[in-house]
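A short reminder: the numbers here are calculations on the coordinates, not readings from a lab. Everything quoted here is computed from the prediction, not taken from an experiment. Backbone-built Cβ (ideal geometry, glycine too); neighbour counts: all protein chains shown.
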Amino acid sequence: MSSTLYVDSLIEKTSGNGVHIPGHVVQVVTFEHTGGEQGITSTSDVATAYTLTISPKFASSKIVIMTSFDVRKNTGTTNDGAIISLYRNGTKIRDKWAWVLGYHLVSSSGMFNHFAGNYTDNPNTTSALTYTVYLRSHAGGDMRVGDTSSGGSLIAMEIAQ
C-alpha cells in the first residue's frame, strides 16, 4: 500500500526552526563581485574579496561552496601560475583547490583563465561560518583576480541531511 501527501505549503511549527527535509536546500548565501581586480604577487596565500558568511540552521547540514571568477596573469615568469585555496573561519580547508595560468605569458596584456569550482564541507555546527577564497602566485608574478568586466561570485548552500 502506498500513500500520497499533497500540500500547498509547509509552515514551520516553531518559528525560527525551519522545515527540515533531508537533501533539500535550507538556505543560500551569495557574494557577487562587481568591483575591480585585486593584484596578488605573494607566494603565500592572500585573502581575496570573495568571502561570505553563512550560519547553518542544522548542525548535520552539509555546506556546498561554489565559486566562479576570472584570474589574469598580468606579469611574471614563464610557467608562473595562481594557486587557489578555500578557507573556513581563517583555516585552510581546501589547499590547491585549483592551479590556473600555468603557461607562458605571451603578450603584455596578460593571459586570462576562468576558474569555476565547488567544494562540499561538513562543518558540524550551527555557528557562523565565513568562507573565503585565497590566492597565491606560484613564482611571484602579478596575478589578478576579479576581472572588472565579468565579475564573479561565491555561493554557499546549506543542504539538510
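Worth pointing out:
- Most positive-pole-ward Cα, 125, 84, 65, against dipole of the stretch 25-159 from beta carbon charges: 125
- Taking the average, over residues, of other Cβ atoms within 10 Å as the packing measure, peptides 127-136, 7-16 rank 127-136, 7-16 from highest down.
- Dipole magnitude (debye, nearest 20) for the chain, charges at Cβ of Lys, Arg, Asp, Glu: 320 debye
- Aspartates and glutamates with Cα under 19 Å of residue 92, excluding same-chain neighbours fewer than 8 positions away: 45, 121
- Sequence-distant lysines (8 or more away, or on other chains) whose Cα lies within less than 22 Å of residue 73: 96
- Mean separation of Cα contacts under 8 Å (6+ apart) over length of the chain, as relative contact order %: 42 percent
- Ordering 46, 100, 56 by the projection of their Cα atoms onto the charge dipole of the stretch 25-159, which places +1 on the Cβ of Lys and Arg and -1 on the Cβ of Asp and Glu, puts 56 at the extreme positive end.
- Residue exposure sequence - 143, 157, 66, 1 - by fewest surrounding Cβ within 10 Å: 1, 66, 157, 143
- Look at (1) 58, 40, 39; (2) 60, 37, 24; (3) 68, 32, 28: the one that is Cα extents along the principal axes in Å derived from this structure is (3).
- Per-residue Cβ neighbour counts within 10 Å put 93, 54 in the sequence 93, 54, beginning with the fewest.
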